[in-house]
1. For labels at K37 and W225 in the simple 7 Å Cα→Cβ model, what's the distance in nm?
2. Find which of N272, S300, Y313 sits farthest along the positive direction of the dipole of the range 224-343, computed with +1 on the beta-carbon of Lys and Arg, -1 on that of Asp and Glu, about the Cα centre.
3. Taking the Cβ of N48 as the centre, find all other residues whose Cβ is under 15 Å away and add up their charges (Lys, Arg: +1; Asp, Glu: -1).
4. With +1 on the Cβ of every Lys and Arg and -1 on the Cβ of every Asp and Glu, and nothing else charged, how large is the dipole of the chain about its Cα centre, in debye rounded to the nearest 20?
5. Can you give the angle from 0 to 90° between the axis of helix 84-103 and the longest principal axis of the chain, with both taken from C-alpha atoms, to the nearest 10?
6. For H245, what accessible surface area do you get with a 1.4 Å probe? Give it in Å², rounded to 10.
7. Dipole magnitude of the range 181-335 about its Cα centre, charges +1 at Lys/Arg Cβ and -1 at Asp/Glu Cβ only, in debye to the nearest 20?
8. What is the percent carbon and sulfur in the accessible area of the chain, measuring with a 1.4 Å probe over the protein chains and ignoring ligands?
Amino acid sequence: MSLQEIWFVSIGVLFTGYFVLEGFDFGVGMLMPILGKGSDARRRAVLNTIGPVWDANEVWLITAGAAMFAAFPEWYASLFSGFYLALLLVLVALILRICAIEYRGKIDDPRWRARCDIGIGIGSWVPALAWGWMFANVVHGVPLNEKKQFAGSVADLFGPYAVLGGLATGLLFALHGAMFLVLKTAGVVRDDARRTARLLLVPTVLVVGGFGLWTQLSYGTGWTWFPLALAVAGLVVATAADFAHRDGWAFTGTTLTVAAATALLFGSLFPNVLPSTIDAAFDLTIHNASSTPYTLKVMSWAAALVTPVVLVYQGWTYWVFRKRISVDQIPAPVGLPLRHGQD
């Protein structure tokens, strides 16, 4: 494999890690109003399942963006110019989510926590839908001119395929989050999470399956039938395991589906990184969008040294916080009381 191919695969792996790990974070935030209804202790139990890991999960996105910038600067520049408003919206949503999670317990006031819960919901729903919509547009292609600049309008980015992509990731992340909550909680929260997961199964299978088949038939190659089959198999495993009360296998099934769906998208894109819908001659590929060979070599050595340390640390974190959480384990709020006149 060439260095360009290695770094294209590496960026795909980084986004796979991000979608697998942050995907259930988004799902937890999306389902928090439903599974935490009627009790602040329930909402805190739901949120505490991702409390020790959500910020580390976001590092995968930062690393993927940095790798894209360093390895394929033309891809990074064209992508950010074409999706500027969408990426800004995702960034604002992620910041809102971060602040809401961090500040929720700082003040002991129901209104304050309710507003933070809204922020968590918005910060989870917006990226969950936006990532599928953006990657669907990347695979489909955007209006790139001869200068490799975006030459279209926002309306060009809302085709049926892109909208279906957004719905697919939204439903898949919600199901992934529900399976994670079944695995990580106990008692009434776990029971409700299981019921919610079963309600999400049929629409997720239909939408994700339809989006995957559309991707394969329109943009896929011979080998990308394999990740499509794995994505379907993951949903089958998740469904069977959930009804058999094998929580670990159910979560493994949705993990497999998220990873395989990401592989399908990147496999359908290769060797392009951003196709042009104006003229194929204007396509950005792994060759005409890449950095110099020297830059790629330096990046490869740095990644080889740092990556194992990061993986070991994150794996250790998940092992330490592996136990289930129930409502009766949630202590009384310890935030500062709301001062008179403060709102």
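1. Each label point is offset 7 Å from its Cα along the Cβ direction, giving 4.4 nm.
2. Of the listed residues, the answer is Y313.
3. +4
4. In debye, rounded to 20, the chain gives about 980.
5. 20
6. 110
7. 520
8. 71
The values are calculated or read from the model by the stated rules, or taken from the named source; none is laboratory data. This structure is a prediction, so every number in the text was calculated from the model and none was measured. When we count neighbours, we look across all protein chains shown, and the Cβ atoms used for this are built from the backbone with ideal geometry, even at glycine. Surface accessibility is based on the protein's heavy atoms, side chains included, excluding ligands, DNA and RNA. Shrake-Rupley method; radii C 1.70, N 1.55, O 1.52, S 1.80 Å.
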